[in-house]
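**Q** Pasting a structure below so you can have a look.
No lab work stands behind these numbers, since they all come straight from the coordinates. Just so it is clear, the structure is predicted and the values come from calculations on it, not from any experiment. FYI the Cβ positions are ideal-geometry reconstructions off the backbone, even for glycines, and counts take in every protein chain you see.
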Amino acid sequence: MKKGGYLKLAGAALFAVFALQSCRQGGEAKKEMDTASATTKSSDEYTTVSYFTMNSKGELERPENYRTWVFVGTPVTPNDLNNGKAPFPEMHNVYIDPVSYEHYKETGKFREGTILVKELVSVGSTAAVSGKGYFMGEFIGLEASVKSKEHFPDEPGNWAIFSFTSPSDGILKDTSPKLPVASCVACHDANAEDDFVFTQYYPVLRAAKGAGKNTVPENTAERVAEADL
């Protein structure tokens with residue numbers, strides 16, 4: 001092969017190397033930009049995405065689709081364990097909106113705009129093939145807690161609690177005014193472990209608190225040994 005041919009081949013090979021390197025660098029740059037974009041989007045989402053609506057009267061519209069949110073837990077204080085006079089004898093299925101859950105995972109704090117929904121379920125049977133216990137009966141009510149400095153600047157912790165329950169006919173109300181502080185929020189203020197939320201009864205939230213944006217708490221292997229309970 002003539003000298004000119006060798007130079008052409010060398011030039012072409014060199015061009016290919018530069019092109020490949022440029023392509024890789026471009027891909028890495030795009031990946032970094034995509035990551036930054038995703039982070040920005042997530043941060044924006046924390047402040048712009050809302051799962052609740054307040055009407056012109058300052059009432060909360062009944063939340064929808066909450067059973068697709070993050071399930072937190074089901075506490076119950078049955079009459080049987082409270083001399084037949086439990087203030088809240090029903091089961092409470094508690095859900096948190098998914099964006100607030102992600103924010104809690106990342107920061108360990110409940111964001112502005114957090115909403116937790118509490119679906120009330122009657123205690124049904126107290127016996128099953130596995131033994132005696134407390135088992136769910138029927139859906140009987142719905143409540144919600146909302147954290148919003150915009151809407152509740154004068155409420156303790158900027159939290160307000162709402163009830164859509166209608167015991168007389170079993171039909172949930174479409175809207176609800178906030179309940180008086182003394183009836184609910186004051187108790188949360190005095191007894192809740194984390195920002196008016198009873199996280200001491202919700203291991204899902206305890207495991208998620210500050211775990212990290214890219215961490216999926218339930219995928220870790222760590223659990224508590226029975227001997228330590």
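**Q** Sort Y202, Y134 so that the residue with the fewest other Cβ atoms within 10 Å of its own Cβ comes first and the one with the most comes last.
**A** Least to most surrounded, the residues fall as Y134, Y202.
**Q** Can you compute the FRET efficiency between T126 and E45 using 1/(1 + (r/R0)^6), with r the Cβ-Cβ distance and R0 = 45 Å? Round to the nearest 0.05.
**A** My answer for the efficiency is 0.55.
**Q** Another question about this same structure. Using 7 Å Cα-to-Cβ label points, what is the E138/C187 separation (nm, one decimal)?
**A** Result: 2.4 nm between the two label points.
**Q** Regarding the range 126-208, what is the average projected area of its C-alpha convex hull, in nm²?
**A** Projected over every direction and averaged, the Cα hull of the range 126-208 covers 8.2 nm².
**Q** Let me ask something additional. For the residues K57, K109, what sequence is obtained by ranking on other C-beta atoms within 10 Å, fewest first?
**A** K57, K109
**Q** Another question, if that's okay. Counting Lys and Arg as +1 and Asp and Glu as -1, what is the net charge of the other residues whose Cβ lies under 14 Å from the Cβ of G170?
**A** Residues close to G170 contribute a combined charge of -3.
**Q** Next question, about the same structure. Hand me the tally of lysine pairs in the range 98-192: alpha carbons under 23 angstrom apart, and the pair either on different chains or 8 or more positions apart.
**A** Summing the qualifying lysine pairs gives 14.
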